[in-house]
Amino acid sequence: MPLDTSLLGLPGFRIVRWEGIETVRIWVCYEGPVECPHCQGQKLRLKDTRERVLRHASMGLRPCMLILKTHKYRCEGCQRYFNQRFPGIGAWRRSTEPYRRQIFVQHQEGISQKTLATRERLGSATVSRWYQDLLDRKLRERQNDPCPRILGIDEHFFSRKDGYATTFCDLGKRKIFDVTLGRSEKALHPYLNQLVGKDQVRVVCMDLSTTYRAIAREHFPKALIVTDRFHVIRLVNQRFLEVWGQLDPTGRSHRGLLSLMRRLPKNLKPQQEARLREYLKSHPAIEAVYAFWQKLGRLLRIKHRTARQCRRLIPIFLSYLQELRSSGFAPLRQLGETLESWKEEIVRMWRFTKNNGITEGFHTKMEMISRRAFGFRNFQNYRLRVRVLCGS
């Protein structure tokens, strides 16, 4: 790559000279091909020449101005007049594309419109317009993206006025596919009806939401539904902690014991393990519940299993469900009914290791986007930023 192109970030330009200390003024000459924008003809007649001054990307901390000669031509083929076009410089614009990208990056990194406008001597509306223009351009590049093969569906809060929004995440490529307003079947039905390429989806990962399961069965008929491991284990933990509270309300409210009960046995230090063992020995009923809790948790945390290995684990899982449904504690019976209704989606966790932790991570990033913008009133502006900033 020529040195001039590397310095300017514009192809086909040659630096003639430069001067200035606080503001760098660079005289450049375009040496690339010139053709008619109407008929692409190259037989041209020169009619006029003028000087064009453009804002360019800063060199270090010094602002930069480009000065180049532009010509007016008449095409001998179509007999039309036109002003010379340059790569990286839009028609009738007073700034180059590298400078506009510089403003975009600085605004994206957290510098406010007002600060940028004051520092660069621009209008706040200009900064907003440039930022929105580059977002639209990036989104058009992804306009025809197909539906992902491994799709994650989850909800997140958008605003008090509009309520919740649904996130569709490409778990295979770890990026946001789309986000749409609403989380009910009625709200999502128009969006999913016009979605192209739904037959390409093979796996849909979700939490224990019956609404999303019904939506996936209707709109992604060729996909297998897999529950998110985090939500399943969290539900199991909640129900067993409720049973603990029924058996020993005083111990359940003890923060130290609560921390020990929540941890995996392998993560306990010797002193912590001895303390927990001593407590369980003094409460035999809680000890039995805790032992079953750990057995069920170990089964649900299994990953990377083949189909043959999964067939061996299924009878064990079904026996655990039977024990839960016949339990004398209402929270465990309720847990058994829930796991029974989701048993097919739960056992698929052993085969498909993708989970919605990727989607939850993007929700954190989306929350930061909203905070940086001090909230969004227009959902389409929010959707545009999320698709561009979280989808590439």
> In segment 245-273, what residues are surrounded by fewer than 11 Cβ atoms within 10 Å (Cβ to Cβ) and aliphatic (A, V, I, L, M)?
Replying inline: Leu264
> Quick one: is Phe352 at negative phi, at pLDDT 90 or above and of a type outside the set (Gly, Ala, Ser)?
Replying inline: no
> Out of curiosity, is Thr364 assigned by TED's automatic domain parsing to the domain that holds Cys205, among the polar types (S, T, N, Q) and without any contact (Cβ under 8 Å) to a residue 12 or more places away in the chain?
Replying inline: yes
> If Asp154 satisfies every condition in (1) out of contact with any Gly (no Cβ under 8 Å at 6 or more places or on another chain); (2) surrounded by 16 or more Cβ atoms within 10 Å (Cβ to Cβ); (3) within 19 Å of Phe376 (Cα to Cα); (4) assigned by TED's automatic domain parsing to the domain that holds Tyr382 but one, which is the exception?
Replying inline: (3)
>> Condition (residue is more than 27 Å from Ala214 (Cα to Cα) and in contact with a helix residue (DSSP H, G or I) (Cβ under 8 Å, 6 or more places away or on another chain)) applied to segment 353-368: is it met by at least one residue?
In response: yes
> Is there a residue being basic (Lys, Arg), part of a helix (DSSP H, G or I) and in contact with a helix residue (DSSP H, G or I) (Cβ under 7 Å, 6 or more places away or on another chain) anywhere in segment 242-256?
Replying inline: yes
>> Among the residues in segment 181-200, are any in contact with a Lys or Arg (Cβ under 7 Å, 6 or more places away or on another chain), crowded, with 19+ Cβ neighbours inside 10 Å and in the same structural domain as Phe376 (by TED's automatic domain parsing)?
In response: no
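In segment 51-71, what residues are small (Gly, Ala, Ser) and surrounded by fewer than 19 Cβ atoms within 10 Å (Cβ to Cβ)? Please lay out each step first, then the result.
Initial filter on segment 51-71 (small (Gly, Ala, Ser)): 57-58, 60.
Hits for segment 51-71 are Ser58, Gly60.
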> Among the residues of segment 296-304, is there at least one that is more than 22 Å from Arg239 (Cα to Cα) and assigned by TED's automatic domain parsing to the domain that holds Glu242?
Replying inline: yes
> Asp136 fails exactly one of the following numbered conditions: (1) touching a residue at least 60 places away in the same chain (Cβ under 8 Å); (2) in the same structural domain as Gly172 (by TED's automatic domain parsing). What is the number of that condition?
Replying inline: (2)
> Picking from Gly297, Gly245, which residue would you name as being among the small types (Gly, Ala, Ser) and free of Cβ contacts under 8 Å to residues at least 12 places away in the same chain?
Replying inline: Gly245
> Failed condition for Ala91, given (1) under 30 Å from Gly41 (Cβ atoms); (2) under 26 Å from the mean Cα position of the chain (by Cα); (3) small (Gly, Ala, Ser), with all others met?
Replying inline: (2)
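The values are calculated or read from the model by the stated rules, or taken from the named source; none is laboratory data. Computed from a predicted model, the values in this text were never measured in an experiment. So basically every Cβ, Gly included, is an ideal-geometry build from the backbone, and we count neighbours across all protein chains shown.
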